[in-house]
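J.: What follows is a single structure, and I will ask about it in a moment.
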Amino acid sequence: MSSSGSAPTAPGPSGSTTVMTADMGEAGRRQQSRTRSAKPPALAPTRTRRRPGVLAAGVALVVVGALGAAYLTQVVGDTAEVVAVARDVQPGEVIERADLTVADVSTDPALNPVPASRLTELVGQRAAVALTTGSLLTDAAVTEQVLPAAGQSLVGVALQPAQLPAGPLQAGDRIRIVDTPASQGEPPASTPQAIPGVVVSAAGPDDTGQRIVDVTVPSGQAADLAARVATGRIALILDTRER
């Protein structure tokens, strides 16, 4: 018998006595509660590093974008309606209304197309040069004269690159077609014969480099020029463009 007031005991596994206290269960529960309610330590906030170079680049891109948008707006705004070719017209042919159309293009000081307001004036005139679909029409490309005019004949001249100037020929250019010696031959002792003419149009070069130049020449010399062209022993000389 245990004395009153002493803690209850229970036999141990080897006959020893284990003291059971009423406070043990309550202490365990408090320990578990503290473990569950414990919060992890707060992490210090990460400090963002500012990079001035990246910020400056971003500002520069915004400025460039704004300037580009302003430029495009200005370019698109500077347009004008001009006359363009709707279908091909050969030199000397009468220009019909269906041959022409109106195009809205950006203004360029290097171009001098006919304004759309003058379109009706061009109907009934003749093509001074070959008019190709999609090209802009200029005053030099049309004429009121019949081509070829009275006393003139139109001759097509086939030329290789070494037989004419490298620069492009223009309608109205004054030229001369001259005889040349045979390949590897001696130069002529006297001035070679030349046939004057005016360029109507020029096409090419083709896959072989050959260009075809349509020229008007005096009718009395047209047959002579055609025969010389067939031999290939000719050259084209561009004379002054000053009017």
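J.: If a residue has to be touching a Ser or Thr at 6+ places or on another chain (Cβ under 9 Å), among the β-branched types (V, I, T) and at pLDDT 90 or above to count, how many in the range 85-116 make the cut?
T.: 3
J.: Separate question: Inspect all residues belonging to the range 103-110 and state whether any of them is without any contact (Cβ under 8 Å) to a residue 60 or more places away in the chain and of a type in the set (S, T, N, Q).
T.: Yes, that holds for at least one residue.
J.: Return yes when R118 is outside the structural domain of Q170 (by TED's automatic domain parsing) and loosely packed, with under 14 Cβ neighbours inside 10 Å and no when it is not.
T.: On the way: outside the structural domain of Q170 (by TED's automatic domain parsing): yes; loosely packed, with under 14 Cβ neighbours inside 10 Å: yes.
For R118, the condition - outside the structural domain of Q170 (by TED's automatic domain parsing) and loosely packed, with under 14 Cβ neighbours inside 10 Å - is met.
J.: Ok, one more. Quick one: count up the residues across the range 220-243 that are surrounded by fewer than 15 Cβ atoms within 10 Å (Cβ to Cβ), among the small types (G, A, S) and either more than 22 Å from A130 (Cβ to Cβ) or within 41 Å of the chain's Cα centre (by Cα) (or both).
T.: 5
J.: Residues in the range 63-82: is at least one in contact with a strand residue (DSSP E or B) (Cβ under 8 Å, 6 or more places away or on another chain) and at pLDDT 90 or above?
T.: Yes: the range 63-82 contains one or more residues that are in contact with a strand residue (DSSP E or B) (Cβ under 8 Å, 6 or more places away or on another chain) and at pLDDT 90 or above.
J.: Please work out which residue is nearest to Q160 (Cα to Cα), limiting yourself to the range 208-243 and to residues that are part of a strand (DSSP E or B) and among the charged types (D, E, K, R). Give the derivation first.
T.: As a first pass, look at the range 208-243 and keep what is part of a strand (DSSP E or B): 211-218, 234-238.
Add one more test, that the residue is among the charged types (D, E, K, R), and what stays is 211, 214.
Working: R211: 6, D214: 14 Å.
The residue in question is R211.
J.: Suppose we filter A149, A235, A203, A140 for residues that are more than 30 Å from V82 (Cα to Cα) and among the small types (G, A, S); which single one remains?
T.: Values: A149 fails: more than 30 Å from V82 (Cα to Cα); A203 fails: more than 30 Å from V82 (Cα to Cα); A140 fails: more than 30 Å from V82 (Cα to Cα).
A235 is the lone residue from the list that is more than 30 Å from V82 (Cα to Cα) and among the small types (G, A, S).
J.: Check whether at least one residue in the range 189-207 is on the phi > 0 side of the Ramachandran plot and not in a helix (DSSP H, G or I), and report yes or no. Explain how you work it out, then say what you get.
T.: Within the range 189-207, the subset on the phi > 0 side of the Ramachandran plot is 204.
Next, only the ones that are not in a helix (DSSP H, G or I) stay: 204.
Yes, the range 189-207 has at least one match.
J.: Okay, next question. Do we have R174 as in contact (Cβ under 8 Å) with a residue 40 or more places away in the chain, surrounded by 13 or more Cβ atoms within 10 Å (Cβ to Cβ) and under 18 Å from A130 (Cβ atoms) here?
T.: Working: in contact (Cβ under 8 Å) with a residue 40 or more places away in the chain: yes; surrounded by 13 or more Cβ atoms within 10 Å (Cβ to Cβ): yes; under 18 Å from A130 (Cβ atoms): no.
It is false that R174 is in contact (Cβ under 8 Å) with a residue 40 or more places away in the chain, surrounded by 13 or more Cβ atoms within 10 Å (Cβ to Cβ) and under 18 Å from A130 (Cβ atoms).
J.: With respect to V123, is the statement that it is of a type outside the set (D, E, K, R) and surrounded by fewer than 12 Cβ atoms within 10 Å (Cβ to Cβ) true? Give the derivation first.
T.: Values: of a type outside the set (D, E, K, R): yes; surrounded by fewer than 12 Cβ atoms within 10 Å (Cβ to Cβ): no.
Spelling it out, it is not the case that V123 is of a type outside the set (D, E, K, R) and surrounded by fewer than 12 Cβ atoms within 10 Å (Cβ to Cβ).
The values are calculated or read from the model by the stated rules, or taken from the named source; none is laboratory data. Fair warning: this is a prediction, and the values are worked out from it, not measured in the lab. Positions of Cβ are generated from backbone atoms using ideal geometry, with glycine treated the same way; all protein chains shown enter the neighbour counts.
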